[in-house]
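Worksheet: one structure, shown below.
The values are calculated or read from the model by the stated rules, or taken from the named source; none is laboratory data. Nothing here was measured: the structure is a model prediction, and the numbers come from that model. In this analysis, Cβ positions are derived from the backbone assuming ideal geometry, glycine residues included, and neighbour counts consider all displayed protein chains.
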Amino acid sequence: MVLAGGFAFILAWITGNLVGLLYHNYQPFHEMVEVNQLVFKDIDNSFPSDHTILFFAFCVAFWLFNKKNVIWLILALLVGISRIAVGVHYPFDIIVGAFIAIVFAIVMYYWVPNSQLVYKLLNVYERIENKILPPKKNNERSLDN
């Protein structure tokens, strides 16, 4: 679940940066005098929203693995809406960021559990972890017992 979200975020972030090269607009607080900027943000390309990509990639991936827990979708929506409310993104920035992230979250939901590469990476990780933190022996008592 976490790996699917992480991979989805990385791929969506890269895609978002590439899409941002094709279309550029400044933040609403820079282009419209009536927008009240509520958080500090440097003036740069606001398209698409990196925060929205981050939250939608992880939250949608988490939700796909446990569809009963809709709090993840609500959290992602709230982050997207908050980016508009604080004056740093247009609705289109949020919609495109969410779309990119959702696509990659769905792809990773299907790819990660069936990927031999992921299993190989997890085996390497476990070997490294066991060298750093050796597993407990059966005769050792933990604080949990």
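Among the residues of segment 103-118, which ones are at pLDDT below 90 and either under 17 Å from residue 52 (Cα atoms) or surrounded by 13 or more Cβ atoms within 10 Å (Cβ to Cβ) (or both)?
Across segment 103-118, the qualifying residues are 113, 115, 118.
(1) part of a loop (DSSP other than H, G, I, E, B); (2) free of Cβ contacts under 8 Å to residues at least 40 places away in the same chain; (3) surrounded by 16 or more Cβ atoms within 10 Å (Cβ to Cβ): which one isn't true of residue 88, the others all being true?
Residue 88 satisfies all of (1) part of a loop (DSSP other than H, G, I, E, B); (2) free of Cβ contacts under 8 Å to residues at least 40 places away in the same chain; (3) surrounded by 16 or more Cβ atoms within 10 Å (Cβ to Cβ) except (2).
Any residue at all in segment 28-48 that's assigned to a helix (DSSP H, G or I), modelled with pLDDT under 95 and either surrounded by fewer than 11 Cβ atoms within 10 Å (Cβ to Cβ) or under 19 Å from the mean Cα position of the chain (by Cα) (or both)?
Checked segment 28-48: no residue is assigned to a helix (DSSP H, G or I), modelled with pLDDT under 95 and either surrounded by fewer than 11 Cβ atoms within 10 Å (Cβ to Cβ) or under 19 Å from the mean Cα position of the chain (by Cα) (or both).
Say whether the condition of being within 24 Å of residue 24 (Cα to Cα) and in contact with a Lys or Arg (Cβ under 6 Å, 6 or more places away or on another chain) is met by at least one residue in segment 75-85.
no
Checking residue 115 against (1) out of contact with any Phe, Trp or Tyr (no Cβ under 9 Å at 6 or more places or on another chain); (2) within 19 Å of residue 27 (Cβ to Cβ); (3) polar (S, T, N, Q): exactly one of these is not met. Which one?
Among (1) out of contact with any Phe, Trp or Tyr (no Cβ under 9 Å at 6 or more places or on another chain); (2) within 19 Å of residue 27 (Cβ to Cβ); (3) polar (S, T, N, Q), the lone unmet condition for residue 115 is (2).
May I ask you to list the residues in segment 55-69 that are farther than 13 Å from residue 15 by Cβ and at pLDDT 95 or above?
Correct list: 55, 58, 59, 60, 61, 62, 63, 64.
What are the residue pairs meeting all of these: first residue in segment 2-24, first residue exposed (fewer than 13 other Cβ atoms within 10 Å of the Cβ), second residue not aliphatic (A, V, I, L, M), Cβ atoms under 7 Å, and 6 or more apart or on different chains?
23/47; 24/45; 24/47
Select from segment 74-90 the residues that are out of contact with any His (no Cβ under 9 Å at 6 or more places or on another chain) and closer than 18 Å to residue 47 by Cβ and list them in ascending order.
Listed by number, the residues that qualify are 81, 84, 85, 86, 87, 90.
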